[in-house]
Structure formats: C-alpha cells, structure tokens
1. Kindly establish whether residue 170 is farther than 16 Å from residue 86 by Cα, of a type outside the set (D, E, K, R) and out of contact with any helix residue (DSSP H, G or I) (no Cβ under 8 Å at 6 or more places or on another chain).
2. Can you name the number of the only condition in (1) loosely packed, with under 15 Cβ neighbours inside 10 Å; (2) closer than 17 Å to residue 102 by Cα; (3) among the basic types (Lys, Arg) that residue 20 fails?
3. Which residue pairs have Cβ atoms closer than 6 Å, lie 6 or more positions apart in sequence or on different chains, and pair a first residue in the stretch 23-34 that is surrounded by 11 or more Cβ atoms within 10 Å (Cβ to Cβ) with a second residue that is part of a loop (DSSP other than H, G, I, E, B)?
4. Select from the stretch 137-162 the residues that are among the charged types (D, E, K, R) and in a helix (DSSP H, G or I) and write down the one among them that is nearest to residue 96 (Cα to Cα).
5. Taking the stretch 171-199, which residues are closer than 17 Å to residue 157 by Cα and touching a Cys at 6+ places or on another chain (Cβ under 8 Å)?
6. Can you say whether residue 105 is more than 17 Å from residue 158 (Cβ to Cβ) and surrounded by 18 or more Cβ atoms within 10 Å (Cβ to Cβ), as far as the supplied structure shows?
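The numbers here are math on the coordinates, done by the rules we state, and not lab data. What you see is a predicted model; the values in this text were computed from it and never measured. Please note: Cβ atoms are built from the backbone with ideal geometry, for glycine as well, and neighbour counts cover all protein chains shown.
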Amino acid sequence: MDGRRARRMTNHQNILAVARVMIDEGGLENLSMRALAEKVGVSVTTLYNLFDTREAIVRAALDQVLAEITPIVGSLQPSMSLGQICQSAVTISNMAFAAMTPSLLLAVMSDDANPREFFIEHHASDGIFPFLQQAQIQGELSSDADLADITTTFEAVIYSASRFWAMGLINTDERTRRIRIGVKLALLAYATPQGRQSLVE
C-alpha cells in the first residue's frame, strides 16, 4: 500500500472516531465540518475529499456498526425454533445498540436515507426470511403465514423501541422488553400450537 493511500485510510478512520465522540458529546448539532477538521488535524478540503457531507459521515458511522454485527448475524443457523428466533432478534438488536450511543442513533435517524439504507440497501429484513421459512417447514409457523408482514412488524417494533430509547424516554431494560414482546407477538400471530409452545418455553 502506498503512503498516500495509507494516509487516506488513517484520515478516514480518525475522522469517524472523532465524529462519533463529537456526536456523543453534543448530538448532531455539535458536528460541524470545520470543527471536525480542526479536531482531527486535517484541512477542511481533506475532510470534503473523504466525505461529501456531514450526513455522509453519520452514514459511514452506521456502516461501522453494521460491519460489527454482520458476522454475528451470518453465524446464526437457520434451523431455529420460534423461541430462538425471538431471542436472536433481541440479542442482535442489543448488540447493535451496544455499538451505538443514543446520540449517534438519533443522528442516524435524523437523516431518512439512513433507515432506508439499513432496510433496503443492506436488505436487513432479508436476513430474517431463512429463519421464518425454516420455522414454516418445521411446522412452527402456519403454512399461510405472511413472512413479509412478520418482518415488517419486526422493523416497526425495533425502530420505535430504539427511538424511544435514544430520546431518553425509556431505559435499556424497557427497550429490550418492548422488542422481545413485539417480536413475540408478531410470531404468535402466525404460530401453530407447536410454535406457541416454543415461544413460551
């Protein structure tokens, strides 16, 4: 790797690290391009060469979080009971939130492109489909279960609970409880007697 490329990568990582600290300390309004450049020790021109906008920096911070949890999601096995699916949804959500402060999460949510990128470009909802399909095959979800409805409900539950938490309206335990209950209810709506038993075990 040549020196210029190495310097560019170092600047990229330093900018994101400092930007996350600035957001944590004062929210998105605390993050100005000029102040960020000064704190990192680069010119504003260098900053704009790496990131077109402040929103692009926040989006890159979101990508860092996704990169941290993607291997964990990928390691899960599709042959899960409904109870295990419910617990995995809670566990993965908690891992994502552990990598994000409330201030960063609010900064991410302030730009509509970020949730759109998460759910559409990263195909977040697609990740749950193999688990739900396997649950159908195992007889825990009814054969006419609408898997798209279930994943949409998952998205709504996690999004609303995370936003309430980020705004300081609920604590971490309540956020986890709401996600667990919401996901469980979404699964119960289509669960067979075998699936309902799995959810209460």
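1. no
2. It is condition (1) that residue 20 fails.
3. 23/31; 24/101; 28/110
4. Let us first name the residues in the stretch 137-162 that are among the charged types (D, E, K, R), namely 140, 144, 146, 149, 155.
This time we only want the ones that are in a helix (DSSP H, G or I), so: 149, 155.
On the way: 149: 23, 155: 14 Å.
In this case the residue turns out to be 155.
5. 180, 183, 184, 187
6. Values: more than 17 Å from residue 158 (Cβ to Cβ): no; surrounded by 18 or more Cβ atoms within 10 Å (Cβ to Cβ): yes.
No; evaluated as a whole, the condition is false for this residue.
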